[in-house]
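Trainee: Okay, here's the structure, questions in a sec.
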Amino acid sequence: MSFSRQIKIAPSILAADFANFGAECRAIEAQGADWVHVDVMDGHFVPNITFGPATCAAIRPHISGFMDVHLMIAPVDAYIEAFAEAGADLISAHLEAGPHIHRTLQAIRATGKKAGLAINPGTGIEAVAHLLDLVDMVCVMTVNPGFGGQKFIHSQLSKIRALRQMIGDRPIHIEIDGGVTVETAPLVVAAGADVLVAGSAVFKGGSVANPAPYGSNIAAIRRAAEAAR
Ligand code: DX5
Ligand code: ZN
């Protein structure tokens, strides 16, 4: 599939009904989601626990599109194979998750999956310069990882602009994760982002039984984002 910087909306299932992941994935895809963002948390790298490879494998058959797995775990390397086996299309690891991020990204690429590098709000992008040939995406956290529904951290906008400069015309996506709404989506797109993760802003007001709000929420975020192009 050729690279495109077209705006992609990636709902995060952290905001979904945990008792209905399969149906929720089908619903958001039917309502216009481009990617499905899967937040894996271990209660060690972040102060919250969600699920592991077995859940990813269980929801894989319910995702017809792109499964974007965000590993908020440390250590990472021992689990990469399991998430690749579970069916992830892209696996993101946190730069802060261990001492050997270069090796971690090599290990993700060795599985044949796309590799993502996630960076926390307190982390600069200097290290990214040495990893550009190993990543297909850089995920800029615009909240401190661990929970949905947090406030967008506006100081990250200058980081996104600098990252966009650094990437140039390399086929590397810039994903924004945390506090993305119709208000903040245009800000991050104007700064250079192309993949927008949104949990609470997509799932609010809807349910598996009433998925239409998912569609109107996704469409509103997309409209706001594209207007900023
Ligand atoms: C936070 C996760 C985000 C979060 C986004 O650690 O990585 O993906 O689910 O949720 P909202 O969009 O509600 O901030
Ligand atoms: Zn995430």
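The values are calculated or read from the model by the stated rules, or taken from the named source; none is laboratory data. Since we're looking at a predicted model, the values are computed, not measured. Cβ: placed from backbone, ideal geometry, glycine included. Neighbour counts: every protein chain shown. Just so you know, the surface numbers come from the protein's heavy atoms only, side chains and all, with ligands and any DNA or RNA stripped out. Shrake-Rupley method; radii C 1.70, N 1.55, O 1.52, S 1.80 Å.
Trainee: In debye, nearest 20: dipole of the chain around its Cα centre with unit charges on the Cβ of K, R (+) and D, E (-)? Mind showing how you got there, number by number?
Mentor: On the way: 17 positive and 21 negative charges, 103 e Å.
For this selection, approximately 500 debye.
Trainee: So which of LYS151/LYS204; LYS159/LYS204; LYS8/LYS159; LYS114/LYS204; LYS114/LYS151; LYS113/LYS151 end up more than 23 Å apart, counting from Cα to Cα?
Mentor: Details: LYS151/LYS204 15 Å; LYS159/LYS204 28 Å; LYS8/LYS159 20 Å; LYS114/LYS204 30 Å; LYS114/LYS151 29 Å; LYS113/LYS151 31 Å.
Pairs exceeding 23 Å: LYS159/LYS204; LYS114/LYS204; LYS114/LYS151; LYS113/LYS151.
Trainee: Evaluate the distance, in nm, between pseudo-label points positioned 7 Å from the Cα of ALA209 and of PHE3 along their respective Cα→Cβ axes.
Mentor: Result: 4.6 nm between the two label points.
Trainee: Given a 1.4 angstrom probe, I'd like the percentage of the accessible area of the chain that is carbon and sulfur, rounded to a whole number.
Mentor: Values: 5080 of 9270 Å².
Using a 1.4 Å probe with all protein chains present, the chain comes out at 55 percent carbon and sulfur.
Trainee: Further question on the same structure: At a threshold of 8 angstrom on Cα-Cα distance, excluding pairs fewer than six apart, so keeping six or more, what relative contact order does the chain reach in percent?
Mentor: Values: 480 pairs, mean separation 47.4, N = 229.
Dividing the mean separation by the residue count of the chain yields 21 percent.
Trainee: Roughly how many Å² is the accessible area per residue of the range 97-207, as a whole number, for a 1.4 Å probe? All intermediate terms of the calculation are to be shown ahead of the outcome.
Mentor: Numbers: 4450 Å² over 111 residues.
Accessible surface, normalised per residue, equals 40 Å².
Trainee: Taking the Cα of SER64, stepping 7 Å toward and past its beta carbon, and measuring to each backbone N in the range 27-42: which are under 19 Å?
Mentor: Within reach of a label on SER64, which here means backbone N under 19 Å from a point 7 Å along Cα→Cβ, the range 27-42 contributes 27-37.
Trainee: Rg and Dmax in Å for the range 92-174, alpha carbons only: what are they?
Mentor: 12.6, 36
Trainee: Scaled to the compact-protein estimate 2.2 N^0.38 Å, what is the alpha-carbon radius of gyration of the range 1-56, rounded to two decimal places?
Mentor: On the way: Rg = 13.2 Å, N = 56, 2.2 N^0.38 = 10.2 Å.
Working it through for the range 1-56, the quotient is 1.30.
Trainee: State, to one decimal in nm², a quarter of the convex hull surface area for the C-alpha atoms of the chain, i.e. the direction-averaged projected area.
Mentor: Working: hull surface 43.7 nm².
Taking the Cα atoms of the chain, their convex hull projects to 10.9 nm² on average.
Trainee: Picking from PHE203, SER2, VAL182, whose Cα lies most toward the positive end of the charge dipole for the chain (charges on Cβ: Lys, Arg +1; Asp, Glu -1)?
Mentor: Sorting the options by dipole projection puts first VAL182.
Trainee: Further question on the same structure: If you count, for each residue, the other Cβ atoms within 10 Å and average over each peptide, how do 111-119, 68-76 line up from highest to lowest?
Mentor: Working: 111-119: 19.7, 68-76: 23.3.
Final packing ranking: 68-76, 111-119.
Trainee: While we're here: Return the whole-Å distance between the Cα centroid of the range 118-164 and the Cα centroid of the range 38-64.
Mentor: If you average the Cα positions of each part, the centres end up 21 Å apart.
Trainee: Averaging sequence separations of C-alpha pairs under 8 Å and six or more residues apart, then dividing by the length of the range 132-229, give the relative contact order as a whole percent.
Mentor: Working: 148 pairs, mean separation 26.9, N = 98.
Relative contact order for the range 132-229 comes out at 27 percent.
Trainee: Would you please give the FRET efficiency between HIS44 and ARG161, computed as 1/(1 + (r/R0)^6) with r the Cβ-Cβ distance and R0 = 35 Å, to the nearest 0.05? It would help to have the intermediate numbers written out before the result.
Mentor: Working: r = 32 Å, r/R0 = 0.92.
Computed FRET efficiency for HIS44 and ARG161 comes out at 0.65.
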